[in-house]
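Here the structure is laid out as structure tokens; the discussion comes afterwards.
The values are calculated or read from the model by the stated rules, or taken from the named source; none is laboratory data. Keep in mind that this is a model prediction, so the values were computed, not measured. FYI the Cβ positions are ideal-geometry reconstructions off the backbone, even for glycines, and counts take in every protein chain you see.
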């Protein structure tokens, strides 16, 4: 009886992991993927206009933070401006320092727009995103925030 329970527990632990694995890609696809990684390509998000990325991120914030229409409009304006500024930095080849300035500016603006409980939720969301970023957060989500 113990062996039977052990076998079921083992199967329950192994099956979900096996279901999440992806089959190996054919050799041509693997080579194409390696080539794409090694050649310098523009990120996919830069092909999407800043306004569309700002709308997507602002709607996400509206949903998660329960923004009213006035707050949404202001957050959208801030996000659009920050994304355009970041795109200009990337186009100019500038990096980290100026990007941090933009992030600080965004948070300062949010503090004037959001209620204290909404700011608390936003900070918690950002903390979770930073943790995910280290564990393989998607570039699309990262670009929406940038």
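Condition check: under 26 Å from residue 129 (Cα atoms) and at pLDDT 90 or above. Does residue 42 satisfy that? Outline the logic, then answer.
Details: under 26 Å from residue 129 (Cα atoms): yes; at pLDDT 90 or above: no.
Considered against the rule, which asks whether it is under 26 Å from residue 129 (Cα atoms) and at pLDDT 90 or above, residue 42 comes out as no.
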Query raised in the report: In segment 46-83, which residue that is farther than 24 Å from residue 123 by Cβ and surrounded by 12 or more Cβ atoms within 10 Å (Cβ to Cβ) is modelled with the lowest pLDDT?
Result: 46
Query - Test: residue 35 is modelled with pLDDT under 85, exposed (fewer than 13 other Cβ atoms within 10 Å of the Cβ) and assigned to a loop (DSSP other than H, G, I, E, B) - result: no
Report summary line: Picking from 133, 123, the residue that is out of contact with any helix residue (DSSP H, G or I) (no Cβ under 8 Å at 6 or more places or on another chain) and at pLDDT below 95 would be 123
Query raised in the report: Condition test on residue 87, is it modelled with pLDDT under 95, under 18 Å from residue 55 (Cα atoms) and surrounded by fewer than 18 Cβ atoms within 10 Å (Cβ to Cβ)?
Result: yes
